[in-house]
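The values are calculated or read from the model by the stated rules, or taken from the named source; none is laboratory data. Since this is a predicted model, take the numbers as computed values, not measurements. Areas reflect the complete protein model, heavy atoms only, side chains present, ligands, DNA and RNA absent. Shrake-Rupley method; radii C 1.70, N 1.55, O 1.52, S 1.80 Å.
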Amino acid sequence: MDYMTLKEASAIWGVTPRWINYYCSSGRIPGAIKMGTVWLIPKDSQKPADRRFKSTRCKDGENK
């Protein structure tokens, strides 16, 4: 399996390496493993959803 580092994942997903580190340590990236002090993330992984925001769309399609 091919892996990428925090820096590579942050460039692909458009977030800081610190956020990727948080995702890995909290178990939100399946298949991520820690080798010593470095996180290895599978290349086919998808960016986890940001739980700080939720959809606020109403049935009629307007935001409230």
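Per-structure values
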quantity	calculated
Any chance residue 34 is open to solvent by 80 Å² or more (accessible area, probe 1.4 Å) and part of a strand (DSSP E or B)	yes
Positions within region 8-31 being open to solvent by 30 Å² or more (accessible area, probe 1.4 Å) and not in a loop (DSSP other than H, G, I, E, B), in sequence order	8, 11, 12, 13, 17, 18, 19, 21, 22, 25
